[in-house]
Amino acid sequence: MSQVIVYDSPDRSVEDVTNDIRSKFPSVEVLKVAPRRMHLRAPREVFLDLCKFMKDDLSFEHNSCVTPVDYMDHFTVVYHISSWTNHIMAEVQVDLPRDDPTVDSITPLWGGANWHEREAYDLMGVVFKGHPDLRRIMLPEEFRFHPLRKDFTVGRRV
Amino acid sequence: MRIEERRYTKADHFRATGYVLKTMKVTFKGAIRATKNRPCTILYPWEKLLYPDNFRGRPGIVLERCIGCARCAKECPNQCIEMVTIELPDKGKVKRPQVNLGRCMMCGNCAEACPTNAMIVTPEFELCSYSRGGLIFDPVKLQHPHKAGYEVNYSFALLSEMNAGGEIKTYAKNDNSVHDTIVLDGAKCISCSRCAKTCPTGAIEMVETGEVNPKTKKPIKQPKFDNTKCVVCEQCVDVCPKSALSVKEVL
Amino acid sequence: MSNLYIELTNFTEWLLGLVAALLDWTKLGFLSDFGDWLQTAPVVDFVSTLLVAVIFLITAMMFGLCFIWQERKTLGRFMDRRGTQVGFLGFFQNFADGIKVILKEHIVPKDSDHLLFELAIFAYLASTFMLFGCIPYSDNFYVIDVDLAVLLGIAIFAFGPFSILIGGWSSNNKFTLIGGMRAAAQLIALEIPLLLCIVSVAVLTGDLSFVGVVTWQEENIWLIVPLCIGALTFFIAAIGESERIPFDLPEAEAELVEGWATEYGDVRWGLQMASDYFRAYILCGLFTMLFLGGWAGPEFIWAEAWYLSKTFIVFFFFIWVRAATVRIRTDQILKLGWRRLLPLAVVNLLIAVALKVAGVF
Amino acid sequence: MPSDEMWINMGPQHPFNHGLWNLRVKLKGETITQAEPIIGYLHRGWEKMVENRTYSQIVPLADRLCYGSSLSWNHLYCLTAEKLFGIEAPERAKYIRVAVLELQRITSHLTWLMAVGTDLGSYTIMTWSIRERELFLDLLCKLSGARMTYNYCRIGGVRNDFPENYERDVNRTLDEFERRLRDLESLMDENEPFLMRTVGIGKMDGKTAMNLGLTGPIMRASGVDMDLRRLDPYEVYEDMKFEICTHTDGDVYARYRVRMDEMRESMKIVRQAMAEAPSGPIRVKAPRCPPKGNAVCHVEDPRGESLMYMVSDGTERPYRLKVRSPNFVNLSASPPMLLGFKISDVPAIMGVMDMCIGETDR
């Protein structure tokens, strides 16, 4: 009879979690720290190690969402990862150049991101390296374009 | 702090829980209640549910109040309202809203945006028709007998007063003293007085500004806004060729 | 001989006499011989039995259809809603369904086994109609009264699963295949307890004909009192046999769409649905006949009315169980059938034998 | 003779799934060896459509994300927009929002109960839960004027205040619902066939549930005490006195049990919020164009954690609006729940997961 896992009081405050990250990953830039919120910007190369570190040591158990955003000249993939023990939600932005939008997949770490990454690939065309089966989830297979990109004008002949 | 979960101990398969008798007792009690007094279902075409006054069926219009400001057309999420010229006995050829009920999702935004409460929300929802054209209600067909409950009024507070703290006043929807104002950028204005012509409420009038146009020797006129009449419909902002007008929001 | 049969023989004699007179009037030799042959005993006997069977079939089907009306109305009241509203008190709903079903187009799946596809429904229907004949309404309103009527009824009843299997297999559709296999497994699993309960009734009453069983119960007591466990097992097995809600898996809408009858569209589907209710009517009739003393009851209303009112009350319990429970899985039904109902039936048989040996009855 | 495996399409149009989605199931005899949900049949391109509408026009569109609990999506959108604009709803509007959200939670759970009733085969559960849901639809219809898509929250507050003696009606309905909930529960808890269909089916323990991203009642049924109303309180949930309902089994019965207890907790919240609502304005005038930037907000939807991420570029139309639907992830975590169980368990497992395809496909 498994016991109930309880998250009543946060173990560590937001500040010392961010200090851990600053010390461990100098190249990660901390944009803003608010009560129960943390905004980071990570370069593409360091991102997977940051996630591993957050999952194992800082006990970030849950990946809420993977959001691709098309900023005309570059892509940004925004990850929302929340830690229930410390009552924190971290927003990690990763910038990707427009010509090769690839980033490491975090599905091996958090299974919840599986379909989010497939949807990001399907609607925005961001390729996630290491994803178990990266194929389209919403649109049929033979579609060649990605509708959520800004250069996709609505209503053109498909 | 958690609900002590009532553990269902899965005892032996066939237990003397009455197996299904307790449920049968409950259903029988329900059956007796349903036969003694009427069951809770109503026979739709003959009996109809009573709806509150503010029930949001199709949008309706009170033609006397409508001033043709097209704020409802701008506010509609599905773009199903269009301004159509119709012949009114007293006002002659004017533009009034025509609603395509085939696209309308009955959200009530148009009645909320209407400054003079001409657009109202009627409780009518039986809208079947034989053709899609039948669902496009022109302003005359859109009319509906008016009742006080159909109007959508809301009262709001101002952000600046909220942040300043202290006593917070609430303002009605079409309170003339508190709403956004139109601002003129004098340099760009070529005083073509097109905005004065399009303003539905006649809130703009061209006023001499003292200078004289050197070439034609006539005084230069620029629009002046009468805030009590203005309903911020932004038709003047859209029609200005030099985009000299802009909206300054009151916060 | 039942009064129904006697009256009908007089009627057929009069009828055939009329026909014979007509044929004689034509003054042709062989026609008048034919007329005389018509009036001989075997022909009269055959025609009157035929008439009895037709009348009996129509009354039984009418009461079967009344079951559908009763289910719709009562189930509605259980669920706090009105039943059907078509026609006076909803009676016309059955005929409306009938007309709709008759007007539907007859579709046969392309690569299905056409012959078997047609045959399955009529085999299922034939076994149901044959069963109508076995059950008498009262001691002078029945079709046949052979000594082994109960055994004959159960034998015909066992014919059902074959037609379901053929129907499921021949319509060449994955879902109907699964539905057909499940239905057959369930019917067979629940038939054994059914038979044992009937055996216990036969042990106690001493003979196998319905009229005998009911007259025994009239003299002694209703069999539901001594064999209450048997009655309960019979009731549960009957719900399973007629595939109603707790054991309704063969055509569980939730996952198998319509079970083995998915591909049948028109009159065949209508007949299949109707014969489900006819089988429920037969099982309720069996229950009243074996345990509630058939048409035994005080004289102020006819015996047939007693029998029918008890059948409708038993069917009310069928509906009540349907309103209260959810559908259970196939393996749970089979487990229930083999591990719970069978021991109960055997215990009931022991009680019956013990009562017989002790000479209580 | 090993029976080879058979792929069955419990396809887009199937009596058991609510909404258009397809569950491809590989069967070995009757037990499921592999399951793959396929979605996308109801993809309306909501996020692209939203990019050419102004902020106030999107409010009624946010209702249409999930028709079962439209108010929680409406509220989530308005809360995210308020964070983006940097404004805050007045105090009374917050209390009104919490009260109406909890009413919507009870309605959504009753809609779920209706689906469970049809899937498990008992139409009495279905009709009785519809009748109970009707009580709450009348309440919300009296408040906002619509029965399902309320369009009640606005950026900066709520559409209108409570009609007169609304609190008396709500308390009266809740007392009546208390009695009827006891009937509903005895219809199922003391019903042996219901327990046979639900106990021990679709098991999932806490650890795998957490890793697969499950949230909401399904997660709490597997023994993880995670509720965003307590973990990351928004509006006025800090000072609402209620308990989080959890269960440790993680099977279909536990999920059912958690939702029934949650209905009781919601009733407590509604009563408390109604009583403590201070007087004052209910709406702040929101500016037309937000400052450049982005905002994120996540709330406890009746189905799980729903999150919205909004990016604005200073104009009056959002630049990007991402919606994280709880059902999208719960559905991706459903195959492990199905393996090893029989095909006639699929409706029981999927029915109790409270599918809402509108928000999954967007």
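Some notes on this structure:
- Search result, residues across the range B:85-127 that are touching a residue at least 60 places away in the same chain (Cβ under 8 Å) and over 14 Å from B:Cys72 (Cβ atoms): B:Thr122, B:Pro123, B:Glu124, B:Phe125, B:Leu127
- Given (1) more than 20 Å from A:Val126 (Cβ to Cβ); (2) touching a helix residue (DSSP H, G or I) at 6+ places or on another chain (Cβ under 7 Å), index of the condition A:Asn63 fails: (1)
- Residue count for the range C:73-97 under the criterion of being without any contact (Cβ under 8 Å) to a residue 24 or more places away in the chain, surrounded by 17 or more Cβ atoms within 10 Å (Cβ to Cβ) and under 21 Å from C:Arg279 (Cα atoms): the result is 1.
- Residue selection: D:Leu228 fails the criterion of being of a type outside the set (D, E, K, R), under 18 Å from the mean Cα position of the chain (by Cα), crowded, with 24+ Cβ neighbours inside 10 Å and within 12 Å of chain A (Cβ to nearest Cβ).
- Residue count, the range C:325-361 (criterion: touching a residue at least 12 places away in the same chain (Cβ under 8 Å) and within 8 Å of another protein chain (Cβ to nearest Cβ)): 6
- Positions within the range A:61-88 being within 20 Å of A:Val103 (Cα to Cα) and of a type in the set (Val, Ile, Thr), in sequence order: A:Val66, A:Thr67, A:Val69, A:Thr76, A:Val77, A:Val78, A:Ile81
- Residue match in the range D:104-119 (condition: facing another protein chain (nearest Cβ under 10 Å), in contact (Cβ under 8 Å) with a residue 40 or more places away in the chain and crowded, with 24+ Cβ neighbours inside 10 Å): yes
- Qualifying residue in the range A:19-30 (condition: within 14 Å of chain D (Cβ to nearest Cβ) and either among the aromatic types (Phe, Trp, Tyr) or surrounded by fewer than 22 Cβ atoms within 10 Å (Cβ to Cβ) (or both)): no
- Whichever residue in the range D:7-16 is more than 11 Å from D:Ile38 (Cβ to Cβ) and buried (at least 17 other Cβ atoms within 10 Å of the Cβ) and, among such residues, is farthest from the chain's Cα centre (by Cα): D:Ile8
- Members of the range B:194-251 that are among the small types (Gly, Ala, Ser), exposed (fewer than 14 other Cβ atoms within 10 Å of the Cβ) and part of a loop (DSSP other than H, G, I, E, B): B:Gly202, B:Ser243
- Against the test of being away from chain B (no Cβ under 14 Å), surrounded by 12 or more Cβ atoms within 10 Å (Cβ to Cβ) and closer than 17 Å to C:Ala274 by Cα, the options C:Leu51, C:Leu57, C:Leu31 yield a single qualifying residue, C:Leu57.
- Single residue of B:Pro241, B:Pro214 found to be modelled with pLDDT under 85 and not assigned by TED's automatic domain parsing to the domain that holds B:Cys114: B:Pro214
One line per residue, one yes/no per condition, for (1) at pLDDT 90 or above; (2) in a loop (DSSP other than H, G, I, E, B); (3) acidic (Asp, Glu):
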| residue | (1), (2), (3) |
| --- | --- |
| C:Val101 | yes, no, no |
| C:Val108 | no, yes, no |
| C:Ile121 | no, no, no |
| C:Asp147 | no, yes, yes |
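- Breaking point among (1) modelled with pLDDT of 85 or more; (2) within 13 Å of chain D (Cβ to nearest Cβ), for B:Asp138: (2)
- Residue match in the range A:52-66 (condition: at pLDDT 90 or above, over 21 Å from D:Gly206 (Cα atoms), more than 8 Å from every other protein chain (Cβ to nearest Cβ) and in a loop (DSSP other than H, G, I, E, B)): no
- Scope the range C:280-295; condition farther than 14 Å from C:Gly230 by Cα and not in a helix (DSSP H, G or I); matching residues: C:Gly293, C:Gly294, C:Trp295
The values are calculated or read from the model by the stated rules, or taken from the named source; none is laboratory data. Since we're looking at a predicted model, the values are computed, not measured. Here Cβ is always computed from backbone atoms with ideal geometry, including for glycine, and neighbour counts include all displayed protein chains.
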